[in-house]
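The values are calculated or read from the model by the stated rules, or taken from the named source; none is laboratory data. Small disclaimer: the values here were computed from a predicted structure and weren't measured. Here the Cβ positions follow ideal geometry from the backbone for every residue, glycine too, while neighbour counts run over all protein chains shown.
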Amino acid sequence: MEAEYNPHVIEKKWQERWLAEKTFATGRGGEKYYLLEMFPYPSGKIHMGHVRNYSIGDVVARYQRMLGRDVLHPMGWDAFGMPAENAAIAHGVHPAAWTHGNIDEMRVQLQRMGFSYDWDRELATCDSSYYRWEQLFFLQMLEKGLVYKKKSQVNWCAACQTVLANEQVENGCCWRCGEETESKDLEQWFFRITAYAEELLAGCEALKGKWPERVITMQKNWIGRSVGAEIEFSVVDRDFKIKVFTTRQDTLYGATFMSLAPDHPRARELAAGTGREAAVEAFIDKMRRQERSDRDLAQQEKEGVFTGSYCRNPVTGRKMPIYLANFVLSGYGTGAVMAVPAHDQRDFEFARMYDLPIIVVIQPEGCELVAAELTEAYTGDGVLVNSDRFDGVANRQALDLIAAYLEERGIGRKAVTYRLRDWGVSRQRYWGAPIPIVYCDRCGTVPVPEKDLPVTLPEDVILDGSGGSPLARTEAFVNTVCPRCGAPARRETDTMDTFVESSWYYMRYACANYDKGPLDRAAVDKWLPVDHYIGGIEHAILHLLYSRFFTRVLRDLGYIDFSEPFTRLLTQGMVIKDGAKMSKSKGNVVDPNALIERYGADTARMFSLFASPPELDLEWNDQGVEGAYRFLNRLWRMVFALLPALEKVEPFAGGMAEVPDKYAGLRRKTHQTIARVRSDIEERMHFNTAISAVMELVNELKNHDVESAAKDPVLAALLREAVETVILLLAPIVPHFCEELWSAFGYREGLSYVPVPEYDPDSLVEDTVLVVVQINGKVRERLTVPRDLEEEKVRELAFASHRVQKHTAGKTPRKVIVIPNKLVNIVV
RNA sequence: GCGAGGGUGGCGGAAUUGGCAGACGCACUAGACUUAGGAUCUAGCGGUUUUACCGUGGGGGUUCAAGUCCCCCCUCUCGCACCA
């Protein structure tokens, strides 16, 4: 062992050994444990978020190995996506070359961090050996009706020249580039995720306690299930009906008008021949032009236009004017809303603005609402009035009764609506997995036969940023023959959303090199689902929801037999510096490579784990890093100093009975530390407190020197036990450092598979305990007493204390509470 | 507006079941060693008017005892946001 801690030398040494010996390959026996961190986009450089995410994951992986598990811990690349194309446009590099170059750089950086991956399972989603199976899934989903194409209004990002799924639009802006999105009519491919809405929602229940509550809540809200009724309203003098969805069918008798989305398909028809055509047309046009920019303003003001047509309230027969209204969404429910101004705030505001009638149909307990005097809608509970046969019924009960009544009469029924929309997967970009479809003038839309997969992304395309899909301009790709009739045909030029790749990569890791199909059933059955998944909270909806959907699809396609991909989920917080998320524009970025250069990987790992618990944001602090580095140096020097005495003895292996009294404290601290660290890592995943506990033990060791140890073999044995404990407990956190110290003690085998130390329960028990004496809840005295001393004796000792007497002088205790081994509280 | 999660020294954070608030680390202060110190070691380190009192965003409550439980309020972060 060297006298100086030299991280660069030892880190290189151990990393090379781990790679050469394939230390982290699976198959060493033990119960399976699949630990996965979200794979990175190969930007070319790892950032602090990666360091943190992968350090957390690596601790768990290494710890599980030391618990005797057979750990699958793979790494790969989410390699399709826009930046590769942008780089091509900006620098003339081909996206494939750019991506593979970045992967090579990032792999080296990850290896320099000492993460314990099984590199033999590495995959990149841009390789046809990966995306070919995705194309197969697409075809099989098409067959099952889970893929379809439709013309729809889509979110279009002009900057990225592509469409975005609903989930990918944040506050009207592109989730990737931050530019405002607009809506556009395009033919798009969709995955029918709504077919699984109910199951995805129900599945949330099973995740409780294993996933963070807020992720579950976000998913539930996103799916957005509403229970209510569909009701049909016949239109006066027209031969069609308008269907609405409502959750408040109990207020049906108070519906006085109807509101439709401005882009409702019947809008123009309703205006035709009423003299309102021009006004309606103007309104539709205004709404269409009113893009997201001034949407916030528009949100405040209710606005609409009368179509000139009427419908009839199906239960009262009332003639209800039909309006178009700016607040009705075409994408939700039926795009039509029955307006009950007395009991819905939006309808109320609209009614006041356009002077429409208001009828109270629910009276709250204790006061009487009068329509003309309302200043806002009453949305609470109450008893029905003005509701014919339902008068006097509590509105909660009326929900069911009215739904049943409508159903009897054939004008409505109970219904469930979801906020979740189908997942649009078409992207007009080059660097993605081609959608395996051919368009033939004679046969129409024809799926590429499975035997012709993969549809390979052509290499020679022109990427000049001129807009539109580069694939569409690549004649050699587009022109093909129809697989059905052999006539000349054209290929689909859209590629798939890159979230499709990340929806199933975690399964492919189980059999990354399998080439007879997407998934090797035996391997997937063995390893999946992922036992513990770790990644950023920013994927709480998108990636995790898509993955949960995809897992169910693959289950129904017969590939797997589980439904939830990730048993446990840990979402780690962001890395912050100077109060803001690290970003180039803020200039507060810390480069992990510079950090490794200066302190080594172990220091970087240790600080990112020590500074805060994983789920909280981590405030980066250069001086804190320095502190971690100093700790490692201090520990190194201490071990180096003690080694000559410790290597002469075996670690202490006896029981507490053989430990001399003067060393009982040391022994106890060692085993208390084991107990604490084990529960911190195994149960709470709080590595910061685990590290603190080890630091305390190290501080305790400072009280002993090599001279005393050389003279007293029992002390030496106890110190060796303590030092080995420190090494083993820190091994998952600072692995290179610990390997080096471990080998200094003469162990030939690396410590990746050395069992986590067990604590001796006897060692945790102290013979004497500190009992706090309070007077009226304030601490006045601390007594050291034998453990489990009888209550009466403890009480006597407390009262015997002169400090206690001072505070109780002249007063009679009214009450004395004694908590064994802990506290006495005297109330005077 | 709705939902979720936070608010504890100068800073990051501990306090696992209601039982000594501030573990561990950073910063800071003093001392030692030293030609030197941004190295290392030792000691101190919530506040104040220091035999004591105050103190976990603010106010109230329950309790012998509250950072922890209950009610009200303030504030910050995140998500959703006219979802009928």
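Some notes on this structure:
- A:A415 satisfies every condition listed in (1) aliphatic (A, V, I, L, M); (2) farther than 30 Å from A:I89 by Cα; (3) assigned to a loop (DSSP other than H, G, I, E, B) except (3).
- Given (1) part of a loop (DSSP other than H, G, I, E, B); (2) closer than 19 Å to A:T316 by Cβ; (3) within 13 Å of RNA strand B (Cβ to nearest atom), number of the condition A:D237 does not satisfy: (3)
- Output for the range A:101-127, where each listed residue is farther than 26 Å from A:I56 by Cα and assigned to a helix (DSSP H, G or I): A:G101
- Scanning the range A:716-769 for residues that are aromatic (F, W, Y) and more than 26 Å from A:D70 (Cα to Cα) returns a single hit, A:F745.
- A:A522 fulfils the conditions (1) over 19 Å from A:H94 (Cβ atoms); (2) among the hydrophobic types (A, V, I, L, M, F, W, C); (3) in contact (Cβ under 8 Å) with a residue 60 or more places away in the chain except for a single criterion, (3).
- Taking the range A:595-713 as the region of interest, the helices (runs of 4 or more DSSP H) fully inside it that hold 3 or more residues being of a type in the set (V, I, T), near RNA strand B (Cβ under 10 Å from one of its atoms) and in contact (Cβ under 8 Å) with a residue 24 or more places away in the chain are A:687-701.
- All positions within the range A:676-697 that are out of contact with any helix residue (DSSP H, G or I) (no Cβ under 6 Å at 6 or more places or on another chain) and modelled with pLDDT of 90 or more: A:R678, A:S679, A:E682, A:M685, A:S692, A:M695, A:E696
- Residue count for the range A:446-479, restricted to those that are touching a residue at least 24 places away in the same chain (Cβ under 8 Å) and either β-branched (V, I, T) or outside any helix (DSSP H, G or I) (or both): 18
- Test result for A:R491, under 17 Å from A:A433 (Cβ atoms), more than 32 Å from the chain's Cα centre (by Cα) and not β-branched (V, I, T): yes
- Per-region count, the range A:652-687, residues surrounded by fewer than 16 Cβ atoms within 10 Å (Cβ to Cβ) and within 30 Å of A:R605 (Cα to Cα): 4
- Inclusion of A:L616 among residues that are outside the structural domain of A:F737 (by TED's automatic domain parsing), of a type in the set (A, V, I, L, M) and surrounded by fewer than 19 Cβ atoms within 10 Å (Cβ to Cβ) is warranted.
- Contact annotation: residue pairs with Cβ atoms under 7 Å, 6 or more positions apart or on different chains, pairing a residue in the range A:758-774 that is farther than 21 Å from A:S801 by Cβ with a partner that is near RNA strand B (Cβ under 10 Å from one of its atoms), are A:Y759/A:A675; A:L764/A:Q672; A:L764/A:A675.
- Restricted to the range A:752-803, and to residues there that are more than 10 Å from RNA strand B (Cβ to nearest atom) and among the basic types (K, R), the residue that is nearest to A:H671 (Cα to Cα) is A:R787.
Rundown of residues vs (1) aliphatic (A, V, I, L, M); (2) at positive phi; (3) not in a helix (DSSP H, G or I), yes/no style:
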{"residue": "A:L729", "(1), (2), (3)": "yes, no, no"}
{"residue": "A:C738", "(1), (2), (3)": "no, no, no"}
{"residue": "A:W742", "(1), (2), (3)": "no, no, no"}
{"residue": "A:V771", "(1), (2), (3)": "yes, no, yes"}
{"residue": "A:L783", "(1), (2), (3)": "yes, no, yes"}
{"residue": "A:D788", "(1), (2), (3)": "no, yes, yes"}
{"residue": "A:E792", "(1), (2), (3)": "no, no, no"}
{"residue": "A:R803", "(1), (2), (3)": "no, no, no"}
{"residue": "A:K811", "(1), (2), (3)": "no, no, yes"}
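- When residues of the range A:418-434 are limited to those that are assigned to a loop (DSSP other than H, G, I, E, B) and crowded, with 24+ Cβ neighbours inside 10 Å, the one nearest to the chain's Cα centre (by Cα): A:V425
- Taking the range A:296-367 and the strands (runs of 3 or more DSSP E) fully enclosed by it, the elements with 2 or more residues that are of a type outside the set (S, T, Y), in contact (Cβ under 8 Å) with a residue 60 or more places away in the chain and surrounded by fewer than 22 Cβ atoms within 10 Å (Cβ to Cβ) are at A:319-325.
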